[in-house]
Amino acid sequence: MPEQPAAPRRDPRLDRSRTAILAAAVALLSEGGVRAVTIEAVTARSGVARSTLYRHFTTGTELLAAAFRELLPALPPAPEGGAPRDRLLHLVRAHADQFEQAPALAAVVWMTAIGKSADLPSDAEERTRLATLREHVIEHYRAPFEEVLTACLPGATLSGHEVELAAAQLAGPLLFNTLVTRRASDARFCARLVDDFLAGRARTTGEETARAQTPAT
């Protein structure tokens, strides 16, 4: 039987250039925020040619999104099969750990990226770039909450806005602790956050059910 041809070996220079590009982009993002991460600045800092950069990232927004993933990596998935409250608590504690470990400036950059549309610059190209990044970051953080909240709130149909609101209610206090009060979001704090959130949802659901069952006068 003829031997199968060996798979072509990947050029190690590509791995080195990608690593250098991402390191430069992350450093610029940490130091100067979103607007500091330009193709010109990244190529100058990394020493990688512009043509090589475009072999890895087709647009500046794609490069910026990759830098965000490096700076604030994806949260670990909640364990499957556990109680809904435990899964939600696991996710909230993962957020707390990430905010504790990430530099404060990284959290500020994260907040800037998902800021209100009204805060975007007047330049149309820059506005489109940041809006695209904002959508990417929101989806990056919204998806884990959507999965767990669906399990925690059986029978509830959550819109994208409701998932984002729930994520803000749960992750917002953690970010506030990290940036403002400098208090640790420990296990007790996270547990109370989750329990208060679930209790509030239960009250809201009960009130909506009661209104629906009240005959119109």
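The values are calculated or read from the model by the stated rules, or taken from the named source; none is laboratory data. Nothing here was measured: the structure is a model prediction, and the numbers come from that model. When we count neighbours, we look across all protein chains shown, and the Cβ atoms used for this are built from the backbone with ideal geometry, even at glycine.
Of the residues that sit in segment 86-111 and are surrounded by fewer than 16 Cβ atoms within 10 Å (Cβ to Cβ) and in a helix (DSSP H, G or I), which one is modelled with the lowest pLDDT? The qualifying residue modelled with the lowest pLDDT is 105.
In segment 158-172, the condition of being outside any helix (DSSP H, G or I) and at pLDDT below 80 is met by at least one residue.
I need the full set of residues from segment 44-64 which are out of contact with any helix residue (DSSP H, G or I) (no Cβ under 8 Å at 6 or more places or on another chain) and crowded, with 16+ Cβ neighbours inside 10 Å, in order please.
Here is the first cut: in segment 44-64, the residues out of contact with any helix residue (DSSP H, G or I) (no Cβ under 8 Å at 6 or more places or on another chain) are 44, 51, 54, 58-59, 62.
Hits for segment 44-64: nothing passes.
For segment 71-91, the set of residues classified as over 30 Å from residue 32 (Cα atoms) and without any contact (Cβ under 8 Å) to a residue 60 or more places away in the chain consists of 79, 80, 81, 82, 83, 86, 90, listed by residue number.
Evaluate the following for residue 136: is it exposed (fewer than 12 other Cβ atoms within 10 Å of the Cβ) and at pLDDT below 85?
Numbers: exposed (fewer than 12 other Cβ atoms within 10 Å of the Cβ): no; at pLDDT below 85: yes.
It is false that residue 136 is exposed (fewer than 12 other Cβ atoms within 10 Å of the Cβ) and at pLDDT below 85.
Taken over segment 13-70, the residue count meeting the criterion of being part of a loop (DSSP other than H, G, I, E, B) and polar (S, T, N, Q) is 3. The condition of being under 18 Å from residue 82 (Cβ atoms), surrounded by 13 or more Cβ atoms within 10 Å (Cβ to Cβ) and either among the small types (Gly, Ala, Ser) or modelled with pLDDT under 85 (or both) holds for residue 191.
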